[in-house]
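S.K.: Take this structure first; my questions come after.
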Amino acid sequence: MGNWIINHGLTYFILVVWMAINIFLFLWFYFFYDLGDQFFYTRHLLGSALAWARAPAAVLNFNCLLILLPVCRNLLSLIRGSFMCCGRSLRKQLDKNLSFHKLVAYMIALMTGEILSVLAAIERSYDNLSTALSNLDDTENTTYLNPIRTTNLIPTYFVFTTIAGLTGVVITLALILIITSSMEVIRRSYFEVFWYTHHLFVIFFAGLVFHGAGRIVRKQITTIPPHNFTFCQNRSDDWGQIPECPIPQFEGGFPQVGLTVKLRKPPQAAQPGRGYVRFHTPIVMRPSKVLELQLIKNGFKMEVGQYVFLNCPAISQLEWHPFTMTSAPEEEFFGVHIRSAGDWTDKLIDIMQKLPEGAQGPKMGVDGPFGTASEDVFDYEVSMLVGAGIGVTPFASILKSIWYKFKESNPKLRTRKIYFYWLCRETHAFEWFADLLQVLEKEMEERGMGDFLTYKLYLTQWDQSHVRVWERDVVTGLKQKTHYDGTIVNESVVGTFLCGPEALGKVLAKKCAKYSDVDPRKTKFYFNKENF
């Protein structure tokens, strides 16, 4: 339990606070509309639907305030830099930004469904009081309450002829498209569909701002003389005829979503930027359709494990895709390795392969760099790096940076031990990374630090030809052999970093909790996962 609190306590505390705020808002606004005297006549027309619709609307409004903040990359990079002096548990929360973004989106979808179900279940009453309220005109001396003032006007007509109705339809359709296109199967297989439909958030928020402009949820206002609904509700024929019952007047509530959107734009970090870059060296095509690009830094400073968004106008003016930088901060360029994994990457690789030898590639746009969990790797004296397939890319940057730090005898390097694990399905996927490991292996041996870096490579698909005993590994050519099973390390305080699939992350997180000890003198594993 103690270790669980260390690794997950702050995360769940934040979730509990978020959920508590949602519950508070729901209950507060429910009772506000269900018990408020100013909504007595409104409740007579709508019944309990008023409170049941306005309460989730308040929750929806709050979550619309939050939904974009977890994906504001510049803001996260700024906060991450501000938190460098704080505890690692606080900084780790920034790496869960996408998970929180999804939770907020689920809450918005849930509240939207609640509102729609309530609106669909409204039953209109037609007693004398309802008729009197519905007959109030919007004139100089009175204001209406019921926007549907005649019994033969169907609600569908109202939906498509008013600001509130039209914008309600627009934001509902936009939300449905955004959520359905975000499903894992669509996002992985048809990324362009996910990418373009996700930008409907602009229409969603625009519709949300104008949705309240119609002010159709109206409340009774104080008049002189006052209209006492307790006395006058059964005397609708006498409204305006006797001093005790002047004609009631109503007004719409002030739109609150506009305030939410005004607060939404975060401050911009000074470091990340956007622009077009030139190639530092000719394009290199690695085995297994892995493309290596080395691009000139566009005046930015990078850290290990960070990522950038790349755009190729020759493919699409609008699509920006994230790639972890595999170069070290000490190098004069930044590099990325791009694996064939979809339409966009296939088109980019095809363009690069058709270039004449030594030619410059197409114009490339870069946005970033942006921070990740791997930035904290040098905060630990012992680090365990776990990469699966192309997920090795952030660790390429880390291992290169370690090599440069040893080469320069950097006194700030506090790391004394690195465990590196790489899981891969096919032998060819090891080839482009083997050169770096060979250089590191030789460098550490020459410095008498052969134990500094321990790496183990796991081949998850293999044939019998791989198990022949060679002086060097048959797969990578390295002295340390490729493994076909699993193991676990046992050190003091270990920072565990994963870049790989979600399923592997869940297993590794459980193992970190299982093998950690609450005794400060014994082993503790702090789990960190890259999220894109």
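The values are calculated or read from the model by the stated rules, or taken from the named source; none is laboratory data. Since we're looking at a predicted model, the values are computed, not measured. Virtual Cβ from ideal backbone geometry, glycine too; neighbours counted across all protein chains shown. These accessible areas exclude ligands, DNA and RNA; they are computed on the full protein's heavy atoms, side chains included. Shrake-Rupley method; radii C 1.70, N 1.55, O 1.52, S 1.80 Å.
S.K.: Counting alpha carbon pairs within less than 8 Å and at least 6 residues apart, what relative contact order, in whole percent, applies to segment 275-371?
M.R.: That works out to 38 percent.
S.K.: What is the sum of charges, Lys and Arg at +1 and Asp and Glu at -1, for the other residues whose Cβ falls under 11 Å from the Cβ of C245?
M.R.: -2
S.K.: Per residue, how much accessible area does segment 275-371 show when a 1.4 Å probe rolls over the protein heavy atoms, in square angstrom?
M.R.: Each residue of segment 275-371 exposes 42 Å² on average to a 1.4 Å probe.
S.K.: Still on this model: Between their Cα atoms, which of K354/K400; K407/K524; K456/K510; K363/K529; K297/K511 are more than 27 Å away from each other?
M.R.: Result: K354/K400; K407/K524; K363/K529; K297/K511 exceed 27 Å.
S.K.: Still on this structure: Along the three principal axes, how long is segment 163-204 when you take its alpha carbons, biggest first, rounded to the nearest angstrom?
M.R.: Between the extreme Cα coordinates on each principal axis of segment 163-204 lie 37, 14, 8 Å.
S.K.: Suppose each label sits 7 Å from its Cα in the direction of the beta carbon; what would the T454-V193 distance come out to in nanometres?
M.R.: Roughly 4.6 nm, to one decimal.
S.K.: Using the per-residue mean of other Cβ atoms lying within 10 Å as a proxy for protection, in what order, highest first, do the peptides 169-178, 215-224 fall?
M.R.: The densest-packed peptide leads the list: 169-178, 215-224.
S.K.: For K522 paired with D343, estimate the spin-label separation in nm (one decimal), with each label point 7 Å from Cα along the Cα-to-Cβ line.
M.R.: 5.4
S.K.: What Rg and what Dmax come out for segment 275-371 when only alpha-carbon atoms are used, in angstroms?
M.R.: 12.4, 35
S.K.: R278 to N135: extension gain in nm, 0.36 nm per residue of separation minus the Cα-Cα distance?
M.R.: Separation in residues times 0.36 nm, less the Cα-Cα distance, equals 44.5 nm.
S.K.: Go through 393-401, 415-423, 50-58, 506-514 and give me the packing order, highest mean Cβ count within 10 Å leading.
M.R.: Put in order of decreasing packing, that is 393-401, 50-58, 415-423, 506-514.
S.K.: Right, another one. If each of R416 and E244 carries a label point 7 Å out from its Cα toward its Cβ, how far apart are those two points in nm?
M.R.: 8.9
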